[in-house]
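Working notes, structure below.
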Amino acid sequence: MTTIELYDSKPKVYRHREMYELGEFPPLGVVPKYMKAATIRPESYGKPADAFAIEDVPVPSMGPHQVLVLVMAAGINHNSVWASQGKPLDVIKLRQKMGQTEDFHIGGSDASGIVWAVGEAVRHVKPGAPVVISTAAFNPRAIDALMGGVSIYSQSSLAWGYEVNYGAFGQFTLVEEYQCFSKPENLTWEAAACYMLCAGTAYRQLMGWHPNVVTPGAPVLIWGGAGGLGSMAIQITKAFGGIPIAVVSNEERKEHCLRLGAKGVINRNDFDHWGDLPVQREHMKMKRWTDGVRAFYDEYKSQLGDSRKPKIVFEHSGAGTLPTSVFMCDTGGMVTICGATTGYIGTLDLRYLWMRSKRLQGSHGAELKEYAAVNQLVADGRIDPCLSYTESFENIGAIHQMMHDNQHPPGNLAVLVNAPEKGLRSLPADLSIY
Ligand SMILES: NC(=O)c1ccc[n+]([C@@H]2O[C@H](COP(=O)([O-])OP(=O)(O)OC[C@H]3O[C@@H](n4cnc5c(N)ncnc54)[C@H](OP(=O)(O)O)[C@@H]3O)[C@@H](O)[C@H]2O)c1
């Protein structure tokens, strides 16, 4: 990893202290006892806007293969939208069942920062290195990880900043050595913080499920094209020669998708057949649904310019859209799904699935090689992280609420943590004196 140019932060006299303010830097390698963090506690589960508190908490201690990263900026994702509501999973209770004692959760599954201290067995990163972090946390020594060769299938596989505590919303985050990837030098801290989770997940959905991967000239239907995942999916599809057709809910989002290279964009508000399929006996309702989905297909065809169905349908919206996804998918194609923003009990007409040999593929996170591949695409300038909005650390609840309400601007979101202002892409000059 390379060390990059320094920015001019105000010189400060450092002593070993128990705690530092946000934006103050202890000597490289020195770990204070306490840190500021945005915590969630069970008694605050509820509206994301009210669920976070900025507290002083102990800095976690490192295991031999672990790394403490001083967080410069953190990305915003649905993981903490879910965690702050305590549903569908109470993450604090989950960890307590696993034997961990903390009664608070520090979320945040995307970050950029500086490797600050490393465990004694760490070999691949050094203090001072600018990094971005991948969400994938697993035990590389778990027998199922070793035998299966696919880390995400391991029973030990967990999401950092969700199922694993001490995520990105603290002055320091605790990660495994292998979660660290070089920060693309061309990016600001906040832009670098915002994409790994969505880009990695989208990359696996589109490129990880052979033989159903993006191929040149093949159409791909992308729900939520202007969201975090969707913005990455449009660009990944383009990068591998596919034809992205996006779905959105307003004009601003449509423009965003077209800018990213979508060939066409559908406004889902022009249709109303969403949600669960009617039960088999309700013929009138079923006819209305079929008319609705056919009208949606007509609009898709006019956006694409021909009648080929999508080879891949990129799903994460869940119950509201799954019946349409299965209908829309081409013969031998794949609906790949990683989430369920509109509900996780989905319905589908199985006839479309079996008669046309379609594949319904669950997909979760990504393998390290997939995070590496997509990070390289970002570093090469072939994928824009699409940072659209950056908040201050104190407003972390408000930015999660905005995401919960689907009121966020197109693309990805971030908060500054230790980065003193927006627009910086280099290391603090003070670091050079240690
Ligand atoms: N398993 C994993 O590894 C993984 C990783 C990342 C994300 N996820 C999950 O994937 C989901 C999306 O994540 P994200 O970061 O892309 O979120 P995001 O930035 O909020 O984007 C989600 C998009 O969904 C669309 N949407 C909202 N309500 C909808 C509805 N009723 N019907 C159709 N589309 C709707 C919105 O687009 P329009 O309103 O413009 O249509 C929105 O832009 C979340 O549930 C998240 O938890 C899972």
Could you please let me know if Val67 is assigned to a strand (DSSP E or B), touching a residue at least 12 places away in the same chain (Cβ under 8 Å), outside the structural domain of Thr341 (by TED's automatic domain parsing) and surrounded by 15 or more Cβ atoms within 10 Å (Cβ to Cβ)? yes
State which residue is surrounded by the most Cβ atoms within 10 Å (Cβ to Cβ) when the search covers only the range 375-395 and only residues that are within 16 Å of the ligand (Cβ to nearest atom) and under 26 Å from Ile106 (Cα atoms). Pro385
Go through Met72, Met62, Met98 for me and flag whichever is within 24 Å of Pro140 (Cα to Cα), modelled with pLDDT of 95 or more and away from the ligand (no atom under 16 Å from the Cβ). Met62
Residue match in the range 29-36 (condition: within 21 Å of Val81 (Cα to Cα), modelled with pLDDT of 90 or more and out of contact with any Lys or Arg (no Cβ under 9 Å at 6 or more places or on another chain)): yes
Could you pull out the residue among Ala398, Ala429, Ala419, Ala414 that is more than 12 Å from the ligand (Cβ to nearest atom) and more than 16 Å from Gly113 (Cα to Cα)? Ala398
Hey, which of the helices (runs of 4 or more DSSP H) in the range 169-272, taking only ones fully inside, have at least 2 residues that are under 13 Å from Ile312 (Cα atoms) and touching a strand residue (DSSP E or B) at 6+ places or on another chain (Cβ under 6 Å)? 228-239
For the range 305-322, indicate whether the set of residues that are of a type in the set (Val, Ile, Thr), modelled with pLDDT of 95 or more, within 30 Å of the chain's Cα centre (by Cα) and assigned to a loop (DSSP other than H, G, I, E, B) is non-empty. yes
Hey, any hits in the range 276-285 for a residue that's part of a helix (DSSP H, G or I), within 10 Å of the ligand (Cβ to nearest atom) and not assigned by TED's automatic domain parsing to the domain that holds Met403? no
Could you check the range 116-136 and list, in sequence order, the residues that are surrounded by fewer than 24 Cβ atoms within 10 Å (Cβ to Cβ) and of a type in the set (A, V, I, L, M)? Ala117, Val118, Ala121, Val122, Val125, Ala129, Val131
Please enumerate the residues belonging to the range 339-367 that are among the aromatic types (Phe, Trp, Tyr) and surrounded by 15 or more Cβ atoms within 10 Å (Cβ to Cβ). Tyr352
For Val326: the one exception among (1) β-branched (Val, Ile, Thr); (2) away from the ligand (no atom under 14 Å from the Cβ); (3) assigned to a helix (DSSP H, G or I); (4) touching a residue at least 40 places away in the same chain (Cβ under 8 Å): (4)
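The values are calculated or read from the model by the stated rules, or taken from the named source; none is laboratory data. Since this is a predicted model, take the numbers as computed values, not measurements. Reconstructed Cβ throughout: ideal geometry from the backbone, glycine too, with neighbour counts over all protein chains shown.
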